[in-house]
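Below is one structure, written out as structure tokens, with a few remarks after it.
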Amino acid sequence: MRLPAPLSRQKNNVHKNDFGHVLVVAGSPAMLGAACLTSLSAMRAGAGLVTAAVPRGLNLTLQEKLSCVVMTCPLPQTRQMTFSLPAADILLRKMTRYNVVAIGPGLSLQPATLRFIRQMVAACPLPMVVDADALNALAGHTGLLSKAKGPRVLTPHAGEMARLAGLPASGEARFNRKIVLDLARQWNSVVLLKGPRTLVVSPQGDVYVNTTGNPGMATAGSGDVLTGVIAAFLAQGLSPFQAARWGAYAHGAAGDRAARQKGRCAMIASDIIDRLITGGFCGQ
């Protein structure tokens, strides 16, 4: 598949700011790797700049774990070293510095952190990719999505989708194209339902079924990588639906390349990021 024009990098007279600045809001003491994976995948997928926002007590550790090409932003934290509610006010005052926000990987379910997430999802004026614990924070609060101040891309797996929709775990199998489309309209958000054939739908009725990917991608951190790729595509000018669609394709194509080189059992999430660099996301 040929890349859309905003991702092709054909112009010579360009600057890093031409390709957008992604803010990644992620991480907690037990899941700091999620912030690293999301940030690095956003860089590999073409974002000009990436800043990782983390609880301030984790900032030095993140800098040691993370590539030197990613900036960090330490923020107020709870006693458990997760994001506290005041962090939302600080970030919202800084939104003019960024183009896109990716929120959720590894944030934890601490009550203050859940309130922080809900405030960010409702009030942030920028396009936002909402994943993992940010999706869990919205369970029972999906009304915030229809009132959000910017476009939202939700990236649930079936279990997270069931929680968002208020269904029991046994309801996971009930999701089909019509149901997901109805929910996307209700939430006024692009929904990417992860699975063997990832489904992407928009509130306007656009539908895409992804055909790339393999079972080796069922590994810790794979979803964090996808979040970073979609955020990077948004930052480079794609619409929310197109960013999600191309993100799913890119992620799966890189995973297929990783599976051929590493084997499905041996591949890990960082292998997917590495295969973005060799053309796994641009159909080469």
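Each reported figure results from applying straightforward, stated rules to the coordinates on display, with no laboratory input. None of the values given here were measured: they were computed from a predicted structure. Neighbour counts are summed over all protein chains in view; Cβ atoms, including those assigned to glycine, are modelled from backbone coordinates with ideal geometry.
May I have the extent of the alpha carbons of the chain along their three principal axes, as whole Å values ordered from largest to smallest?
On the principal axes, the chain reaches 46, 44, 38 Å in Cα extent.
Tell me, how many Å apart are the Cα centres for segment 157-227 and for segment 1-72?
Computed from Cα coordinates, the inter-centre distance equals 24 Å.
Can you give the calculated 222 nm mean residue ellipticity of the chain, where each DSSP H run of n ≥ 4 adds -39,500 (n - 2.57) and the sum is split over every residue, rounded to the nearest 500 deg cm²/dmol? Kindly include the intermediate steps, with their values, before the conclusion.
Numbers: 11 runs with 116 residues, N = 284.
The per-residue figure over the chain is -12000 deg cm²/dmol.
Can you give me the long-range amide H partners of C73? Hydrogens built in the peptide plane at 1.01 Å from N, cutoff under 5 Å, separation of 5 or more residues or another chain.
Those lying under 5 Å, H to H, from C73 are A52, A53, V54.
State, to one decimal in nm², a quarter of the convex hull surface area for the C-alpha atoms of segment 184-264, i.e. the direction-averaged projected area.
If I average the Cα hull's projected area over directions, I get 5.2 nm².
In straight Cα distance, which aspartates and glutamates are under 17 Å from K178, not counting same-chain residues fewer than 8 positions off?
Counting by Cα, and skipping residues close in sequence, K178 has these aspartates and glutamates nearby: D206.
For K147 and R264, compute 0.36 nm times the residue count separating them, minus their Cα-Cα distance, and round to one decimal in nm.
The K147-R264 span can extend by a further 38.0 nm.
Can you give the local net charge around D18? Use residues other than it whose beta-carbon is closer than 15 angstrom to its beta-carbon, Lys and Arg +1, Asp and Glu -1.
Result for the neighbourhood of D18: +3.
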